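The values are calculated or read from the model by the stated rules, or taken from the named source; none is laboratory data. Computed from a predicted model, the values in this text were never measured in an experiment. For neighbour counting, all protein chains shown are included, and Cβ atoms are generated from backbone atoms with ideal geometry for every residue, glycine included.
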Amino acid sequence: MKRQLLLYIISVIVSLGLGATTYSVKEIPNVHLADSTRFVSNPDGILSADGEARINAALRRVHGQTSAEFVVVAVDELDEDIDEFATNLFRAWGLGKKDTNNGLLLLISKNDREMVFRTGGGMEGLLPDGLLGSIIRKEIAPRFRNGDFDGGVLAGVNSVNSILLDPAARQEIMSRYANDASDSDDDLGDNLFSFYIACCAIMALASLLMLAVALLNSRGKDRYAKYQALNKIYPAILFLSFIGLGMPLIALIPTMVLRKRMRRGPHPCTRCGTPMQLIDEQHDNDFLSRAQDLEEQIGSIDYDVWVCPNDGETEIIPYLQRSSAYKECPVCHARTYRVISDRILIKPTTSNEGLRQITSRCVNCGHEGHENHTIPREAEAPKIIILPGAIGGSNGDSGGPFGGGSFGGGFTAGGGARGGW
Ligand SMILES: [Zn+2]
Ligand SMILES: [Zn+2]
């Protein structure tokens, strides 16, 4: 009787000591290699036989319909960090088709109370890390905490399968986890949007700064100088308002109002102080010279003519139209001079410079001028040396010794999610 008790105690100690098997990557039984219908490696019986059969059926179904290689491995203990282990196991077995990298591994280490999803490169889009993290926290971990390993794995597998079988269902499943503040795709979208909003705010601040600098720089100067300063920054602020969700309007509106006021706002006569009157376009010709009238007609300068109703004092203010092709004539100095031809007289070669002639004519005084420019020698064609072997390169990680075997030789970049219970 005593001997029996002693044997019993020894057997308990031995079973406790050996009970927790610690695995290296090589020691995990690759059940799929032995039997291609099996996708669950459960050497320690963490899953019941019935549970394993149901999980395996689900994994087989998704493999049959999508070719995704989704494998579940549940063991007592691992000989290294579960993240490292999952990546190494994934690569050693070469999960997923080599071209689509549609492998997926769920690795469970019971004694560490930890699990990891590891995705192949081709799965990361459909199964983002945040979503897999949610499945761990919402579906698997709560059941594991109650000791229900079959139910936890099955719930996790079913969640993943429903996405793999119907990618359209992904949105619905992700919204089910919406209140889970994790790094899901939606949060990424929110973050990008917040970032954009912040950029727009910065654009608004930059616009205000431009306006402040323009006002400071033209402080104490006349209306014309102020108008020019505002006119200079106006296109940039207008552009920022378009791309900045309208936020830079905070600077655009004052810029437009001030710009208009500086040009067309009421102002007193410098001689008597009576408010000046703006003469309309039809009648301002009476005050302009022939050259100024011509400049207005060809659109190179717009003139504003102001007259004092009291003493007849006139103010003629020129506004250069920057977009006009007309430049100042070197002879009559009216802005009525433009390029009429641009010819290459001598073509450049690799040994000699070329010559280009630009001819301009003034529509006011008829002056015609030529400008000659040399064209630099043409550059010699660069010599390209192609080294043998430089093209092609390595074929990367081919997925390990089982690449040509039962799994497809897929590769993981380490995507997935980790969680405990
Ligand atoms: Zn006056
Ligand atoms: Zn001229």
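So the values come out like this:
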{"read-out": "Residue match in segment 42-57 (condition: on the phi > 0 side of the Ramachandran plot and modelled with pLDDT of 90 or more)", "value": "yes"}
{"read-out": "Any hit, segment 124-138, residues being at pLDDT 90 or above and either of a type in the set (Lys, Arg) or not assigned by TED's automatic domain parsing to the domain that holds Leu59 (or both)", "value": "yes"}
{"read-out": "Qualifying positions in segment 293-324 - in contact with a strand residue (DSSP E or B) (Cβ under 6 Å, 6 or more places away or on another chain), assigned to a loop (DSSP other than H, G, I, E, B) and within 16 Å of ligand 2 (Cβ to nearest atom)", "value": "none"}
{"read-out": "Top-ranked residue in segment 47-61 [being out of contact with any Leu (no Cβ under 7 Å at 6 or more places or on another chain) and not small (Gly, Ala, Ser); ranked as surrounded by the most Cβ atoms within 10 Å (Cβ to Cβ)]", "value": "Leu59"}
{"read-out": "Residue within segment 31-46 that is surrounded by 17 or more Cβ atoms within 10 Å (Cβ to Cβ) and closer than 18 Å to Phe411 by Cβ present", "value": "yes"}
{"read-out": "Residue satisfying condition, being closer than 14 Å to Gly419 by Cα and out of contact with any helix residue (DSSP H, G or I) (no Cβ under 7 Å at 6 or more places or on another chain), within set Asp81, Asp99, Asp112, Asp76", "value": "Asp81"}
{"read-out": "Residue count for segment 68-95, restricted to those that are free of Cβ contacts under 8 Å to residues at least 60 places away in the same chain and in a loop (DSSP other than H, G, I, E, B)", "value": "4"}
{"read-out": "Tabulated pairs, segment 139-154, first under 17 Å from Arg418 (Cβ atoms) and without any contact (Cβ under 8 Å) to a residue 24 or more places away in the chain, second of a type in the set (Ser, Thr, Tyr) and crowded, with 18+ Cβ neighbours inside 10 Å, C-beta under 6 angstrom, 6+ apart or interchain", "value": "Glu139/Ser159"}
{"read-out": "Given (1) of a type in the set (Ser, Thr, Tyr); (2) out of contact with any helix residue (DSSP H, G or I) (no Cβ under 9 Å at 6 or more places or on another chain); (3) in a loop (DSSP other than H, G, I, E, B), index of the condition Ser341 fails", "value": "(3)"}
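Listed here are the residues, each with its yes/no results for (1) assigned by TED's automatic domain parsing to the domain that holds Ser194; (2) at positive phi; (3) away from ligand 1 (no atom under 16 Å from the Cβ); (4) within 46 Å of the chain's Cα centre (by Cα).
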site: Ile233; (1), (2), (3), (4): yes, no, yes, yes
site: Ala236; (1), (2), (3), (4): yes, no, yes, yes
site: Ile243; (1), (2), (3), (4): yes, no, yes, yes
site: Arg261; (1), (2), (3), (4): yes, no, yes, yes
site: Gly273; (1), (2), (3), (4): no, yes, no, no
site: Asp286; (1), (2), (3), (4): no, no, yes, no
site: Tyr303; (1), (2), (3), (4): no, no, yes, no
